[in-house]
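What follows is a single structure, written as structure tokens, with notes after it.
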Amino acid sequence: MAERFIKSEPYAWPYNGDLRPQNTALVIIDMQTDFCGVGGYVDKMGYDLSLTRAPIEPIKKLLATMRAKGYHIIHTREGHRPDLTDLPANKRWRSRQIGAGIGDPGPCGRVLVRGEPGWEIIPELAPLPGEPIIDKPGKGSFCATDLELMLRLRGIENIVLSGITTDVCVHTTMREANDRGYECLLVEDGTESYFPEFKQATLAMVRAQGGIVGWTAHSEQVLAGLSAALSERPSIRG
């Protein structure tokens, strides 16, 4: 079997060249109205929506290609039960300090509550029937979810990560996955932060120490790598 790699930093990804639809998933994190839609949680806090909406087009292109090629597609949503029994008191307190209390009424329904309009994934990236959605109460996608079970049962070893925000939910998920032995690639233009400097710092942290948390690549590099077969392993480069 020909080895396949994606041009990325600090090394070509995945390390072993075993890149196949059967063992690779695109995970799209928290592209919800509450985070990137008018009237949602982020909009209510007063942050610039153009930042959290910037990854939409790169993700759309990547999603269309990976769907067409038969890769696994997984979506996540952050939100809490309507009775808020899975919402820590300190998390709710913090959200209220910035004027967007979780569970409180908002323009898109109760903020970050499951079943409310703001909690739904934006139409541009809506899941297709059969694409699993991981509903998570925390920042990381493995905490209090069945994501790891799903990945193991499907034979997934490589994870392409995208979504928002780079420095919080995406980075937390990437660290959780890395510790569990998954090969992680973060799509640089398929993610964003409320604070651009935080995104750049996160990308640097991911790539540091020889990719201590994973690899990063631009979406065009990912798209090129999905269709390119290399006949030999790349050399390890500094």
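The values are calculated or read from the model by the stated rules, or taken from the named source; none is laboratory data. All values reported here derive from a predicted model rather than from experimental measurement. Backbone-built Cβ (ideal geometry, glycine too); neighbour counts: all protein chains shown. The area values use the complete protein model at the heavy-atom level, side chains included, leaving out ligands, DNA and RNA. Shrake-Rupley method; radii C 1.70, N 1.55, O 1.52, S 1.80 Å.
Below is a table of values for the structure above.
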read-out	value
Distance-filtered residues of segment 18-58 - backbone nitrogen under 13 Å, label point 7 angstrom along ALA126 Cα→Cβ	none
Gain upon complete extension [ALA64, GLN22; 0.36 nm per residue less C-alpha separation]	13.5 nm
Dipole magnitude of segment 96-201, debye to nearest 20 (Cβ charges: Lys/Arg +1, Asp/Glu -1, about Cα centre)	360
Proximal lysine pairs, the chain, alpha carbons under 24 Å, eight or more residues apart or interchain	19
Heavy atoms of ILE28: accessible area, 1.4 Å probe, square angstrom to 10	0
Cα→Cβ-extended label distance, 7 Å offset, between ILE98 and ARG152, nm	3.4
Stretchable slack from PHE195 to ALA2, in nm (0.36 nm times residue separation minus alpha-carbon distance)	65.4 nm
Exposure of GLU124 as accessible area (Å², to 10), given a probe of 1.4 Å and all protein chains	70
Kirkwood hydrodynamic radius of the chain, Cα pairs, Å	18.1
Distance between segment 3-24 and segment 153-215 - C-alpha centres, whole angstrom	15
For segment 78-121: rounded, prolate or oblate by the Cα gyration tensor [a/c cutoff 1.5]	oblate
Net lengthening on full extension, ALA204/ILE56 (0.36 nm per residue, minus Cα-Cα)	51.1 nm
